[in-house]
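Here is the structure we will look at, set down as structure tokens.
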Number of protein chains: 2
Amino acid sequence: MTSNREKAIQFARENKVRFEENLIELVKIPSVSTDPEQKWAMQQTAEHLVRHLLAIGFKQAEIYPTEGHPVVVAQTKPDEKKLPVLLVYGHYDVQPPDPLDLWKSKPFEPTRRGDRLYGRGASDMKGQICASLAAIESVFSQNEIPLNIKVIFEGEEEIGSPNLAKFIETHKELLSCTYIFNPDAGLISADLPAITYGLRGLAYFELRLYGPSHDLHSGGFGGAVHNPAQVLCDVISKMHDSKGRVTLPGFYDKVRPLSDEERKEFSRLPVTDDYYKQTAGVSELWGEEGYTAVERIGARPTLEVNGLLSGFTGNGSKTVLPAYAMAKISTRLVPDQDPDDVYAQFIEFLKDNLPPTVRWEVTKMSGGPALLTNPHILEAKAMSRAMETVWGVTPVFKREGGSIPVAADMHEILGVESVLTGFGMPEDAIHSPNESQHLPTFHRGIESIIHFIYNLIEM
Amino acid sequence: MTSNREKAIQFARENKVRFEENLIELVKIPSVSTDPEQKWAMQQTAEHLVRHLLAIGFKQAEIYPTEGHPVVVAQTKPDEKKLPVLLVYGHYDVQPPDPLDLWKSKPFEPTRRGDRLYGRGASDMKGQICASLAAIESVFSQNEIPLNIKVIFEGEEEIGSPNLAKFIETHKELLSCTYIFNPDAGLISADLPAITYGLRGLAYFELRLYGPSHDLHSGGFGGAVHNPAQVLCDVISKMHDSKGRVTLPGFYDKVRPLSDEERKEFSRLPVTDDYYKQTAGVSELWGEEGYTAVERIGARPTLEVNGLLSGFTGNGSKTVLPAYAMAKISTRLVPDQDPDDVYAQFIEFLKDNLPPTVRWEVTKMSGGPALLTNPHILEAKAMSRAMETVWGVTPVFKREGGSIPVAADMHEILGVESVLTGFGMPEDAIHSPNESQHLPTFHRGIESIIHFIYNLIEM
């Protein structure tokens, strides 16, 4: 006679189409957290999720307002305080879709092409939220399980979760749990499951330079007044040395060196330089001397220019000496760098390198420390086995270049480490035009989470 | 008994209000030559000018289509081939008005505040066109004069006059003349008239860098892929050395050194460093070592960043590693630099300084050589005396930082040097938000042109 586990898997396979439709519905809502004009969409997404949670069997599901976008919290057995608790994390907000003209189909009109569903958020991370809810629904479709499943879906991850830590702090009881599952990490490729045990931190800044009191005629003033666009380029070009190292004072002081053991692990990962060239579409890589690409991304801190704006950028020519220049600059951090230290280093660097001919301002946008979790905890094993069951391959344990500050916050506040994985991959082009979710991997994800839940119970 | 000259001056004084209204009407039409969406406004401005020219007594006024925006040519005595000819040049196109949010009143809704009329083009150069036509109308209001006055108004000066030289070449006969008056230069201040004998040339480029095939997640790829925004900053920062000199190979080879005589003239101009600080609204100046600000602007070549664009520039933060970065970069040239040489130097510089990690393209936007005219020709004296009559001050002869390529083209094709002056000044904020024309100077300009015309006849 077939087990509940097998029946749940069966249910998931019979409901593939409906699970994909659920994802399409969620991607349709333009929940861009950084855009004030989309505030309505944030509320609508939260309400959509609450309806869905109650529909698939959660007993309690509520929207909690914050100073920013609302948080959704739900649980299946609010009254059974004795049961172990699995807390599932997700963020329902997405990155801005621009540049719009590079999308083959509209970012909020999810479109299937081949094995992929295209749309902003399809992979990061509405696909992961829908996979989790599909798995939970599949389990519920069978019998009761001795596990209380809680979910927390925030709406501000893409803007640095400014209100989440405070929310967790003030709702410790509500969010108390035994295990945390966070599917905001990802796989390396469709045929290789992965569990992430390391993440980089983030410190994001906006730098604004002010030169003359107004835009000037470049003929009438060029050569007499310092051009803030030029000053911006000068100072940014000083932020790296000839070896590709970041030059902020003290930037590397707290960086934990890579052990030979770790470097060996990195070398085992099937991500060669060619792999990165192909995925990024470049002919040559670049970066800090002395490290492989996968090491630089996974275990070395970096500094990136995320945006530049100054003067006239329209069609044609305008002979202007701009009054203003702006750059968005972010650093990715590794253990044990502190985002606040890096902010101080950034300010010190600017004080040392900006001339008195311009006035400047810096805004601290978002940030969080790096994270290294213990890959040997029980729940990690439960996920590892689940993935092995589904893929027939032992998952690799990896360190990622991205940042998931919430995992560090939850560990600190709730005292529980997160199992970090996910069913997106680099080819998904998250944060880019034509983001997509690989649907076969989406369904493998659903089955993995079903097995994960049963493994937790039976282990 | 009062002379015709005095009667014409009288007429101008009685019609001040109407002459200002003519300027207001012209500024209302948004003739932005670089914006394809304003094409209708270019045609409308040309038609408006033709109507006005015929109304004030021109016998012949026609619109000539070009591959770009139309040219307006008119003359007062088409049938009297024997008369000396004064050709008046003007451009009816204007710079783009952005950044719009910095305008106190709408750029195409001319608004009077105090002594000034605010609006895009009020000073550059619709104010100068209207002053010229007001003066001509005032002269006509009296009797016939033994002079055929021709005008040529182009619509592409602000985009580098791509079609004008060809037009002049193919309409030599129509434009043949004895004197050329070009009021697209300007004064140093309201109480000091000036005639410009030197202008800088221009070579304007758009540089586009292409990195990865699409925007990347800065966490997933930062540190492995070369960021084109960073590469752009690196290469731009190399375009000047520590002494503020431009580093394009051979850039200074053909630069005519400043003679002691010229430096003495420059030192006589009432434009101190403090003057430039005040006008530009900066606390410190910047530029090539060894030269005063007025020398750097008037007689030394410079390179300016006119615009920068890359990645995410909206509100908030987006953790993107951009696929693309763009800069608009222009050089101001002095005798005897050749814009084509400078283009070649720019390309060579990029070949030497851009890494193989990015793909790049350069578009040559517009350009023209510098100009030095003879300040002692008869028509220059006629204008000098006219200004002295109106201001009671001897005008200064100066070299300007801006560029008026048409003056060089006309000299080459028509064999006639231009009298370069104008009734705008640095405080007018041309090419900037809140451009304005100082109206008392506008009316002094009208009287100066009346005296200039009578001086030409009587000299």
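The values are calculated or read from the model by the stated rules, or taken from the named source; none is laboratory data. Nothing here was measured: the structure is a model prediction, and the numbers come from that model. All Cβ positions, even for glycine, are placed from backbone atoms using ideal geometry, and neighbour counts span all protein chains on display. Keep in mind that these areas ignore ligands, DNA and RNA; they rest on the heavy atoms of the full protein, side chains included. Shrake-Rupley method; radii C 1.70, N 1.55, O 1.52, S 1.80 Å.
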task: For segment A:273-315, enumerate the residues that are farther than 21 Å from residue A:426 by Cβ and either of a type in the set (Ser, Thr, Tyr) or out of contact with any strand residue (DSSP E or B) (no Cβ under 7 Å at 6 or more places or on another chain) (or both).
output: A:289, A:290, A:310, A:313, A:314, A:315
- prompt: Tell me, which residue of segment A:1-41 that is in a loop (DSSP other than H, G, I, E, B) and over 21 Å from the mean Cα position of the chain (by Cα) is farthest from residue A:123 (Cα to Cα)?
  reply: A:1
message: Looking at segment A:390-424 only, could you name the residues that are part of a loop (DSSP other than H, G, I, E, B), crowded, with 22+ Cβ neighbours inside 10 Å and either polar (S, T, N, Q) or within 14 Å of chain B (Cβ to nearest Cβ) (or both)?
response: A:401, A:402, A:403, A:404, A:421, A:422, A:424
- request: Select from segment A:143-162 the residues that are among the charged types (D, E, K, R) and either surrounded by fewer than 20 Cβ atoms within 10 Å (Cβ to Cβ) or farther than 30 Å from residue A:82 by Cα (or both) and list them in ascending order.
  value: A:144, A:156, A:157, A:158
Inter-residue pairs, beta-carbon under 6 Å, first in contact (Cβ under 8 Å) with a residue 12 or more places away in the chain and part of a loop (DSSP other than H, G, I, E, B) and in segment B:285-300, second aromatic (Phe, Trp, Tyr) and open to solvent by 30 Å² or more (accessible area, probe 1.4 Å), 6+ apart: B:300/B:291
message: Here's a check for you: in segment B:359-377, which residue that is part of a strand (DSSP E or B) and polar (S, T, N, Q) is farthest from residue B:301 (Cα to Cα)?
response: B:363
message: Going residue by residue through segment A:349-358, is there one that turns out to be part of a strand (DSSP E or B) and surrounded by fewer than 16 Cβ atoms within 10 Å (Cβ to Cβ)?
response: no
The lone exception for residue A:267 - which of (1) of a type in the set (Gly, Ala, Ser); (2) open to solvent by 50 Å² or more (accessible area, probe 1.4 Å); (3) at positive phi it fails: (3)
message: So for segment A:380-389 (the condition being part of a loop (DSSP other than H, G, I, E, B), modelled with pLDDT of 95 or more and not β-branched (Val, Ile, Thr)), does at least one residue qualify?
response: no
field: Filter pass, residue A:281 being open to solvent by 20 Å² or more (accessible area, probe 1.4 Å), within 7 Å of chain B (Cβ to nearest Cβ) and in contact with a Gly (Cβ under 6 Å, 6 or more places away or on another chain)
entry: no
field: Criterion (modelled with pLDDT of 95 or more, under 25 Å from the mean Cα position of the chain (by Cα) and not in a strand (DSSP E or B)) met by exactly one of A:205, A:251
entry: A:251
message: Filter segment A:11-22 down to the residues that are open to solvent by 50 Å² or more (accessible area, probe 1.4 Å) and either of a type in the set (A, V, I, L, M, F, W, C) or farther than 12 Å from residue A:443 by Cα (or both) and list them by number.
response: A:17, A:21
Of the criteria (1) facing chain B (nearest Cβ under 8 Å); (2) over 29 Å from residue B:210 (Cα atoms); (3) charged (D, E, K, R), which one residue A:304 fails: (2)
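Residues are listed down the side, and each one gets a yes or a no for (1) free of Cβ contacts under 8 Å to residues at least 60 places away in the same chain; (2) in contact with a strand residue (DSSP E or B) (Cβ under 7 Å, 6 or more places away or on another chain); (3) among the hydroxyl-bearing types (Ser, Thr, Tyr):
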| residue | (1), (2), (3) |
| --- | --- |
| A:358 | no, yes, no |
| A:374 | no, no, no |
| A:379 | no, yes, no |
| A:386 | no, no, no |
| A:392 | yes, no, no |
| A:395 | no, yes, no |
| A:406 | no, yes, no |
| A:426 | no, no, no |
| A:454 | no, no, yes |
In segment B:163-207, the residues that are of a type in the set (Ser, Thr, Tyr), open to solvent by 20 Å² or more (accessible area, probe 1.4 Å) and over 22 Å from residue B:379 (Cα atoms): B:170, B:189
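Give the residue that is farthest from the other protein chains (Cβ to nearest Cβ), with candidates limited to residues of segment A:313-333 that are surrounded by fewer than 24 Cβ atoms within 10 Å (Cβ to Cβ) and not hydroxyl-bearing (Ser, Thr, Tyr). Before you say what the answer is, go through the steps one by one.
Narrowing segment A:313-333 to residues surrounded by fewer than 24 Cβ atoms within 10 Å (Cβ to Cβ): A:313-316, A:324, A:326, A:329.
Going one step further and asking which of them are not hydroxyl-bearing (Ser, Thr, Tyr), we end up with A:314-316, A:326, A:329.
On the way: A:314: 6, A:315: 6, A:316: 3, A:326: 7, A:329: 9 Å.
Looking at the filtered set, the residue picked out is A:329.
Any residue in segment A:259-280 that is of a type in the set (A, V, I, L, M, F, W, C) and either in the same structural domain as residue A:193 (by TED's automatic domain parsing) or closer than 30 Å to residue B:363 by Cα (or both)?
Yes.
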- request: For residue B:452, indicate whether it is aromatic (Phe, Trp, Tyr), more than 13 Å from every other protein chain (Cβ to nearest Cβ), over 30 Å from residue B:211 (Cα atoms) and under 21 Å from the mean Cα position of the chain (by Cα).
  value: no
